[in-house]
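Reviewing the structure listed below.
The values are calculated or read from the model by the stated rules, or taken from the named source; none is laboratory data. Bear in mind the structure is a predicted one, so any value in this text is a computation, not a measurement. Note that each Cβ is placed from the backbone with ideal geometry, even for glycine, and that neighbours are counted across all protein chains shown. The protein model used for the area step is the full one, side chains on, heavy atoms only, and it has no ligands, DNA or RNA in it. Shrake-Rupley method; radii C 1.70, N 1.55, O 1.52, S 1.80 Å.
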Amino acid sequence: LRTRMKFLALLSLLSSAHVNAFAPAKPSSRSTTELSMGLKTNALKSVTSAIGVPATAAVAGAAVLGTVGVKSILDRPSRKYEDGSVAREYDAWTQDGILEYYWGEHIHLGYYTKEEMAKGYKKKNFIQAKYDFVDEMMKLGGISAETDAGSTVLDVGCGVGGTSRYLAKALGPEADVTGITLSPNQVKRATELAVEQGVENARFTVMNALAMEFPDNSFDVVWACESGEHMPDKEAYINEMMRVLKPGGKFVMATWCQRDDRDVPFDEKDQRDLNFLYEEWTHPYFISIEKYAEIIDATGFMNEVTTADWVEETIASWRHSNWVGIYDPRGFIFKPNKYLKCVRDGYCLERMHRAFDRGLMQYGMFAVTKQLPSPKEPSVSAESVVPPS
């Protein structure tokens, strides 16, 4: 119990700096600095009177050293990308059940309106935000039951199949949805949930998105939500999805992006922060929204791509994720062997928030359709040629 309480205190400490990050400021006759200094002074006086000045200095020094030590550990990435690392990490996340407990069936960020942000993002149901995200992504891609009933759909990087099943239900029983992932555990869990929910028109398989086994022009809709981050070859990732999309088909993608550094190069802090985000959650690298659009255009058989940055609509997800863990520790509290991993994930969530908040990272959204083949010119036979008189 003591270990669990220490863990909760540490997780709360990681989030304490942003308790009121999205809440309206409360009026006060004293400045934030004055209030902070007053609290620190009162606390110090209390401790000093209780244990004496020398002991207080020792406690303060130990606290500072402990904080520095913990931060130095957390600042060293622990899950660097390598061959097989993506499948291994998602297998582990699926098996321990912590991610599914808090994030539900959808392993992606949620969507928050301006009104919801103004009221306070923590008032919104964390899992409902993810369903709202799928709805908004469908709107961006022009995907609906009215226009796409009976379509064949590919979900690239399907996780435990939450979106695949959602699309299968939304587009009707005649639709056929296939989800692919590198993780065997995710395929197993996705299939279990499909059976439990009676979703017969969604299936899941282990497949490499960079070398898909589907024939050309196989799907009416190709959907990719937060899978590009893990791809070691972004061009192959885009080219494969465009290859299997039917002419006239719809492509929609959501992915974390770094800002375009061609005009303003990354400085030392930028690169250090990016390296941490790459290596803590097994990402090979990120690219910009602009670069993704250029790759899509370079395929030569897509129409004009629509792009957007949904940072404002999604940024609350990072800190909201930490808060749901603090409010409800039952997802991890009985798994003490996962405490360090949970702390690391919580710390990375905060680092992600800060990177998106300061513009180092962007939330890239893309929607485009595949060109229809040009009509062939009518052939001219020898008999139809009228000889000159």
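Could you tell me which numbered condition Asp216 fails, if it satisfies all but one of (1) in contact with a Lys or Arg (Cβ under 8 Å, 6 or more places away or on another chain); (2) crowded, with 19+ Cβ neighbours inside 10 Å; (3) at negative phi?
Result: Asp216 passes all but (2).
Within segment 146-156, which residues are surrounded by fewer than 23 Cβ atoms within 10 Å (Cβ to Cβ) and modelled with pLDDT of 95 or more?
Of everything in segment 146-156, those that are surrounded by fewer than 23 Cβ atoms within 10 Å (Cβ to Cβ) and modelled with pLDDT of 95 or more turn out to be Glu146, Thr147, Asp148, Ala149, Ser151, Thr152.
Going through Tyr285, Tyr292, Tyr237, Tyr278 one at a time, which residue ends up being surrounded by fewer than 18 Cβ atoms within 10 Å (Cβ to Cβ) and either assigned to a helix (DSSP H, G or I) or touching a Pro at 6+ places or on another chain (Cβ under 9 Å) (or both)?
Just a single option satisfies the conditions, and that option is Tyr285.
For every residue, the table says whether it meets (1) of a type in the set (Lys, Arg); (2) modelled with pLDDT under 95; (3) touching a strand residue (DSSP E or B) at 6+ places or on another chain (Cβ under 8 Å); (4) crowded, with 18+ Cβ neighbours inside 10 Å.
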position	(1), (2), (3), (4)
Glu105	no, no, no, yes
Tyr121	no, no, no, yes
Cys158	no, no, yes, yes
Lys169	yes, no, no, no
Gln186	no, no, yes, yes
Ala190	no, no, yes, yes
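Restricting attention to segment 165-211, which residues are within 18 Å of Glu89 (Cβ to Cβ) and of a type in the set (Lys, Arg)?
Hits for segment 165-211 are Lys188, Arg189.
If Glu213 meets every condition in (1) part of a loop (DSSP other than H, G, I, E, B); (2) farther than 23 Å from Thr314 by Cβ; (3) touching a helix residue (DSSP H, G or I) at 6+ places or on another chain (Cβ under 8 Å) apart from one, which number is that one?
(3)
Could you run through segment 249-264 and say how many residues are in contact with a helix residue (DSSP H, G or I) (Cβ under 9 Å, 6 or more places away or on another chain) and either in a helix (DSSP H, G or I) or without any contact (Cβ under 8 Å) to a residue 40 or more places away in the chain (or both)?
So the answer is 3.
Do the conditions hold for Asn303, that is, is it among the polar types (S, T, N, Q) and out of contact with any Lys or Arg (no Cβ under 9 Å at 6 or more places or on another chain)?
no
Of everything in segment 263-303, what is modelled with pLDDT under 95 and farther than 18 Å from Ser85 by Cβ? Give them in sequence order.
Residues satisfying the conditions are Asp263, Phe301.
Do we have any residue at all in segment 136-145 that's closer than 28 Å to Pro284 by Cβ, open to solvent by less than 40 Å² (accessible area, probe 1.4 Å), within 23 Å of the chain's Cα centre (by Cα) and not hydrophobic (A, V, I, L, M, F, W, C)?
For segment 136-145, residues closer than 28 Å to Pro284 by Cβ, open to solvent by less than 40 Å² (accessible area, probe 1.4 Å), within 23 Å of the chain's Cα centre (by Cα) and not hydrophobic (A, V, I, L, M, F, W, C): present.
Need the failing condition index for Phe133 against (1) in a loop (DSSP other than H, G, I, E, B); (2) surrounded by 20 or more Cβ atoms within 10 Å (Cβ to Cβ), just the number.
(1)
Within segment 82-92, identify whether any single residue is open to solvent by 20 Å² or more (accessible area, probe 1.4 Å) and in contact with an Asp or Glu (Cβ under 8 Å, 6 or more places away or on another chain), and answer yes or no.
no
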